[in-house]
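**Student:** First, the structure itself, so that you have it in front of you.
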């Protein structure tokens, strides 16, 4: 399998994760669904389109030597014969409760990616194992919200949970794309803003 590496990490202990990157065209499609949320939710941190991705495995902070000598080669072996995959985003969702939502996202359906993620999570188990959930994060609540915004959001999320996303005026979601690569990304902070920079690409197919 072809691959490209760039291991000049920005941090002494880089914070890394394996993700599905998206093309600029697909990011523009996702932005239209994010814009619909912006019309209805207040007091949110909106993920910049350049940061749109789908996390397969979060590794956290790791020594560069371990990444280069162990983690990347093991991932390369796992992904060596994985074909190009398809994913369809078919709806909105949120993690948490109406009073304490954590993440607002688009839900992805990708059975073959789920199988690959299971293999990767068995090879690199989390301290607190949880099932892989294919989702593309669109927004997170601000830590400090205006009380009126928080109450309005609670009402919206409550109705959403009971009657579905369309009951709060959100459009139906149908967006598909091909997964041609997975990328090991590093989180780089510029001030308080997080940016995700690709370090190693694993081409599929």
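The values are calculated or read from the model by the stated rules, or taken from the named source; none is laboratory data. Computed from a predicted structure; not experimentally measured. Cβ placement follows ideal geometry from the backbone for every residue including glycine, while neighbour counts extend to all protein chains displayed.
**Student:** Within segment 137-170, which residues are exposed (fewer than 13 other Cβ atoms within 10 Å of the Cβ), under 20 Å from residue 91 (Cβ atoms) and in contact (Cβ under 8 Å) with a residue 40 or more places away in the chain?
**Tutor:** Selection gives 169 alone.
**Student:** Return a yes/no flag: does segment 60-70 have any residue that is surrounded by 13 or more Cβ atoms within 10 Å (Cβ to Cβ) and at pLDDT 95 or above.
**Tutor:** no
**Student:** Residues being farther than 18 Å from residue 41 by Cβ, free of Cβ contacts under 8 Å to residues at least 40 places away in the same chain and not in a helix (DSSP H, G or I): count how many of those fall in segment 63-115. Before the answer, list the steps.
**Tutor:** Of segment 63-115, the ones farther than 18 Å from residue 41 by Cβ are 63-90, 108-115.
Now restrict to residues that are free of Cβ contacts under 8 Å to residues at least 40 places away in the same chain: 65-66, 69-70, 73, 77, 109, 111-112, 114-115.
Subsequent filtering for residues that are not in a helix (DSSP H, G or I) retains 109.
Of the residues in that region, 1 qualify.
**Student:** Is it true that residue 107 is touching a strand residue (DSSP E or B) at 6+ places or on another chain (Cβ under 6 Å) and under 15 Å from residue 140 (Cβ atoms)?
**Tutor:** Numbers: touching a strand residue (DSSP E or B) at 6+ places or on another chain (Cβ under 6 Å): yes; under 15 Å from residue 140 (Cβ atoms): no.
No: the conditions fail for residue 107.
**Student:** Enumerate the pairs (first residue in segment 15-29 and in a helix (DSSP H, G or I); second residue anywhere and modelled with pLDDT of 95 or more and crowded, with 19+ Cβ neighbours inside 10 Å) with beta-carbon separation below 7 Å, excluding pairs fewer than 6 apart on the same chain, so at least 6 apart or on different chains.
**Tutor:** 26/177; 27/52
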